[in-house]
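**Student:** Questions regarding the structure given below will be posed in turn.
The values are calculated or read from the model by the stated rules, or taken from the named source; none is laboratory data. All figures in this text were calculated on a predicted structure; none of them were measured in a lab. Cβ placement follows ideal geometry from the backbone for every residue including glycine, while neighbour counts extend to all protein chains displayed. Quick note on the areas: whole protein, heavy atoms, side chains included, nothing else; ligands and nucleic acids left out. Shrake-Rupley method; radii C 1.70, N 1.55, O 1.52, S 1.80 Å.
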Amino acid sequence: MGSSRRTFVAGAAAVAAAATGAMTLGAAPATAAGVRRTAQESVAVLGGGVAGLTAAHELAERGFAVTVYERRALGGKARSMDVPDSAKGGRRPLPAEHGFRFIPGIYHNLPDTMRRIPFPGNANGVHDNLVAPREMMFARTGGREDLRMPIPWPGHQPADLTLDDLRRALTGLLETAANLPAHETAYFVNRALVFLTSCDERRDNTWERTPWWDFVRAERMSKDYQRILAIGVTRNIVATKAEEASTRTVGTLGEAFVLNALGRGADGPPDRILNAPTNEAWIDPWVDHLRGLGVDFRIGWTVREMRYADGKISAAMIEDPDGVRRTVTAGQYVCALPVEHARPTWSAAMRAADPQLARCDRLRTDWMTGIQFYLTERTPILHGHVNLIDSPWSLTAIAQAQHWPDRDFPADYGDGTAADCLSVDISEWDKPGILYGKTAKQCTREEIAREVWAQLKAALNDTGKTVLRDSTLHSWFLDPGVDGTGTPNPTNEDELLIHPVGTLHNRPAAATKIPNFFLAGDYVSVDIDLATMEGANASARAAVNALLDRVGSTAPRCTVTPLFRPPELAALKRHDLTRYRLGLRNALDVG
């Protein structure tokens, strides 16, 4: 299950070459003629996801000798992968993924990196492979019409709608308006204004410790209010649970998306996806570019332990593909592993040397994993993402083939009969489903697929229009990182950092107190305050800047762009800062 056959072959060749070397390895690959590397300029990047590849990219451009050690496949949770044994007749394997990609216009750092990755025929590199869905939908069950909404953005062509589509869209909007009491709408707007005008100190303290569910008083409100404004908003924006998610996190991202929709401070439309499977459109070109910059990749190498001596990291103990532990030395180390994989490699001495490493033990992760359904016909849902707000397993989905204009899905992938890929994210793994009455973790892989399919049909086929038919289901693929479901000990190799109250104060900085050790990953404290690819990219830039400072480099620092903050609200926030320090509520807060 590599990122692509080409990447796997190249990685296997690198591993084979490394296996013939000594048991103690340096992290300095061959470099361009005439360039002499010092030990201090060698960097071991531990982890090959978005954070690790970003760090390697920025370091290589600044003349450092970089080796990336990745246990499984480059791209990490962002990669796409091949469905085993699915290719027939010279076609490529069916494309699968950990979860569908989403690159909104509020991101600035990741798009900047994408513009710097060459892609044939694209003036702006792989960034030109981003396309913008034109609409989104809240899908409901029980015969209630779905809430279908356009995504406003200059230049967007309106989605194709039939008369029946228009009837259903208007019915959904009017039903929601009728069922959402006016005082609840007014209250939610007030809460949004309270957050928008809150100073940073109030956000970082009061709102960081307040669950979104409590902030919007969801417990006292109607079912529609809870499902759409409390639960639906958190699932769409931060993929977390409204009952425990920090108001600071939800509000910060909600503010950014609203401003994005208004065209303020945006890199592009509010919703963007790739125009092909992730590895084809982004990861493989990125890896090729990094190899061209001299980055060395060791795929199948698992970090087991960081050795700490004399106040710094002396080596990394890394298990090679044959299971042999090797001592890897470098001048500098960038730990770009997911937090749940990084923590076991940090010793007690490291935690004592930098208490922020110990605080990382309080960070929480949870399951959010993708499953793909391959269909023998195009899926007539809509041109964009679907949030199944009544689904017990908190499903979100997108039909992908329509967004891949340069791909003829049945001609290019699989056995020639699959015409679409319906990619679904499962965000809730601990609540009973509708088919078996079991949680996702209690179900076998086959039961998970049947249960998700049943929940999709319950939401999409319940108003007289048959969107999904059993006869069109070709096959399905569940992320291989999930194992042991249906047994007492289910596991997930790719959990997602979640954001319950207080998380902000346990997130570490990219620079540690260990002089040659730096952190990069979506759990590291950056402005976006969310476990995202943007956060991973921004943290890697911060880690590289800290490394440059430590070694006294004169190379230009990486740009780290924060979320846009409208200047019009600055005066109101200053006023709120005065009120906060006096122990008073925000002036707009009606309680």
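**Student:** Taking the condition of being surrounded by 19 or more Cβ atoms within 10 Å (Cβ to Cβ) and free of Cβ contacts under 8 Å to residues at least 60 places away in the same chain, how many residues in region 425-438 meet it?
**Tutor:** Qualifying residue count for the region: 2.
**Student:** Also: Against the definition (in a loop (DSSP other than H, G, I, E, B), over 27 Å from Ser394 (Cβ atoms) and either at pLDDT below 90 or among the charged types (D, E, K, R) (or both)), how does Arg304 come out, yes or no?
**Tutor:** Considered against the rule, which asks whether it is in a loop (DSSP other than H, G, I, E, B), over 27 Å from Ser394 (Cβ atoms) and either at pLDDT below 90 or among the charged types (D, E, K, R) (or both), Arg304 comes out as no.
Table: residues versus (1) touching a Lys or Arg at 6+ places or on another chain (Cβ under 9 Å); (2) surrounded by 20 or more Cβ atoms within 10 Å (Cβ to Cβ); (3) modelled with pLDDT of 95 or more; (4) not acidic (Asp, Glu).
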residue	(1), (2), (3), (4)
Arg115	no, no, yes, yes
Asn124	yes, no, yes, yes
Asn129	no, yes, yes, yes
Gly143	no, no, no, yes
Arg148	yes, yes, no, yes
Trp153	yes, no, no, yes
Leu166	no, no, no, yes
Leu170	no, no, no, yes
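**Student:** Right, next: Is it the case that some residue within region 134-153 is without any contact (Cβ under 8 Å) to a residue 12 or more places away in the chain and under 24 Å from the mean Cα position of the chain (by Cα)?
**Tutor:** No - not one qualifying residue is present in region 134-153.
**Student:** Here is a further query. Applying the selection to region 357-401, what residues are surrounded by fewer than 21 Cβ atoms within 10 Å (Cβ to Cβ), among the hydroxyl-bearing types (Ser, Thr, Tyr) and part of a loop (DSSP other than H, G, I, E, B)?
**Tutor:** The one that is surrounded by fewer than 21 Cβ atoms within 10 Å (Cβ to Cβ), among the hydroxyl-bearing types (Ser, Thr, Tyr) and part of a loop (DSSP other than H, G, I, E, B): Thr376.
**Student:** Next up: Go through (1) touching a residue at least 40 places away in the same chain (Cβ under 8 Å); (2) open to solvent by 10 Å² or more (accessible area, probe 1.4 Å) and name the single condition Asn489 misses.
**Tutor:** Only one criterion is unmet by Asn489, namely (1).
**Student:** Given (1) out of contact with any Pro (no Cβ under 9 Å at 6 or more places or on another chain); (2) in a helix (DSSP H, G or I); (3) in contact (Cβ under 8 Å) with a residue 40 or more places away in the chain; (4) open to solvent by 10 Å² or more (accessible area, probe 1.4 Å), identify the lone condition not met by Glu280.
**Tutor:** (1) is the only condition that Glu280 fails.
**Student:** Every residue in region 454-479 that is among the acidic types (Asp, Glu) and open to solvent by 60 Å² or more (accessible area, probe 1.4 Å), please.
**Tutor:** If the condition is that a residue be among the acidic types (Asp, Glu) and open to solvent by 60 Å² or more (accessible area, probe 1.4 Å), then Asp470 is the only one that fits.
**Student:** Which residues, taken from region 59-81, are under 18 Å from Gly48 (Cα atoms) and open to solvent by 40 Å² or more (accessible area, probe 1.4 Å)? I'd like the intermediate steps shown before the answer.
**Tutor:** Within region 59-81, the subset under 18 Å from Gly48 (Cα atoms) is 59-61, 64-81.
Within region 59-81, Glu61, Arg71, Arg72, Lys77 qualify.
**Student:** While we're on this one: Write out, first by first residue and then by second, each pair whose Cβ atoms fall under 6 Å of each other, whose residues are 6+ apart or on separate chains, and whose first residue, in region 328-355, is at positive phi while the second is open to solvent by 40 Å² or more (accessible area, probe 1.4 Å).
**Tutor:** none
**Student:** Within region 80-93, can you find the residues that are within 22 Å of the chain's Cα centre (by Cα) and in a loop (DSSP other than H, G, I, E, B)?
**Tutor:** Within region 80-93, Val83 is the sole residue that qualifies.
**Student:** Looking at (1) among the aliphatic types (A, V, I, L, M); (2) closer than 28 Å to Thr197 by Cα; (3) buried (at least 19 other Cβ atoms within 10 Å of the Cβ), which is the only condition Ala510 fails?
**Tutor:** Every condition holds for Ala510 apart from (2).
**Student:** Has region 236-243 got at least one residue that is open to solvent by less than 30 Å² (accessible area, probe 1.4 Å), out of contact with any helix residue (DSSP H, G or I) (no Cβ under 6 Å at 6 or more places or on another chain) and modelled with pLDDT of 95 or more?
**Tutor:** No, region 236-243 contains no residue that is open to solvent by less than 30 Å² (accessible area, probe 1.4 Å), out of contact with any helix residue (DSSP H, G or I) (no Cβ under 6 Å at 6 or more places or on another chain) and modelled with pLDDT of 95 or more.
**Student:** Still on this structure, please answer the following. Only one of Ile434, Ile381 is within 30 Å of Arg272 (Cβ to Cβ) and not small (Gly, Ala, Ser); which?
**Tutor:** Being within 30 Å of Arg272 (Cβ to Cβ) and not small (Gly, Ala, Ser) holds for just one of Ile434, Ile381, which is Ile381.
**Student:** Just name the residue that is modelled with the lowest pLDDT out of those in region 567-591 that are surrounded by fewer than 14 Cβ atoms within 10 Å (Cβ to Cβ) and in a loop (DSSP other than H, G, I, E, B).
**Tutor:** My answer is Gly591.
**Student:** With respect to Thr503, determine if the residue is closer than 22 Å to Leu253 by Cα and in contact with a His (Cβ under 6 Å, 6 or more places away or on another chain). Talk me through it step by step, then tell me what you get.
**Tutor:** On the way: closer than 22 Å to Leu253 by Cα: yes; in contact with a His (Cβ under 6 Å, 6 or more places away or on another chain): no.
Spelling it out, it is not the case that Thr503 is closer than 22 Å to Leu253 by Cα and in contact with a His (Cβ under 6 Å, 6 or more places away or on another chain).
**Student:** Another question, then. If you scan region 318-344, which residues turn out to be closer than 23 Å to Val524 by Cα and either assigned to a loop (DSSP other than H, G, I, E, B) or among the aromatic types (Phe, Trp, Tyr) (or both)?
**Tutor:** Ala330, Gly331, Tyr333, Ala336, Leu337, Pro338
**Student:** Filter region 205-230 down to residues that are closer than 15 Å to Leu253 by Cβ and part of a helix (DSSP H, G or I) and give me whichever is farthest from the chain's Cα centre (by Cα).
**Tutor:** Applying the filter and picking the extreme gives Phe215.
**Student:** When Glu534 is evaluated against the numbered criteria (1) in contact with a Leu (Cβ under 7 Å, 6 or more places away or on another chain); (2) modelled with pLDDT under 95; (3) open to solvent by less than 40 Å² (accessible area, probe 1.4 Å), which criterion, by number, is the only one it fails?
**Tutor:** Glu534 satisfies all of (1) in contact with a Leu (Cβ under 7 Å, 6 or more places away or on another chain); (2) modelled with pLDDT under 95; (3) open to solvent by less than 40 Å² (accessible area, probe 1.4 Å) except (2).
**Student:** So, in region 533-564, exactly how many residues are in contact (Cβ under 8 Å) with a residue 24 or more places away in the chain and part of a loop (DSSP other than H, G, I, E, B)?
**Tutor:** Final tally of qualifying residues: 10.
**Student:** Now a separate question. Name the pairs whose Cβ atoms lie under 7 Å apart, with the first residue in region 183-209 and without any contact (Cβ under 8 Å) to a residue 60 or more places away in the chain and within 22 Å of Met221 (Cα to Cα), the second part of a helix (DSSP H, G or I) and basic (Lys, Arg), and 6 or more positions between them or separate chains?
**Tutor:** Filtered contacts from region 183-209: Trp207/Arg248.
**Student:** Out of the residues in region 187-211 that are in contact with a His (Cβ under 9 Å, 6 or more places away or on another chain) and open to solvent by less than 40 Å² (accessible area, probe 1.4 Å), state the one that is nearest to Asn506 (Cα to Cα).
**Tutor:** Residue satisfying both the conditions and the ranking: Glu208.
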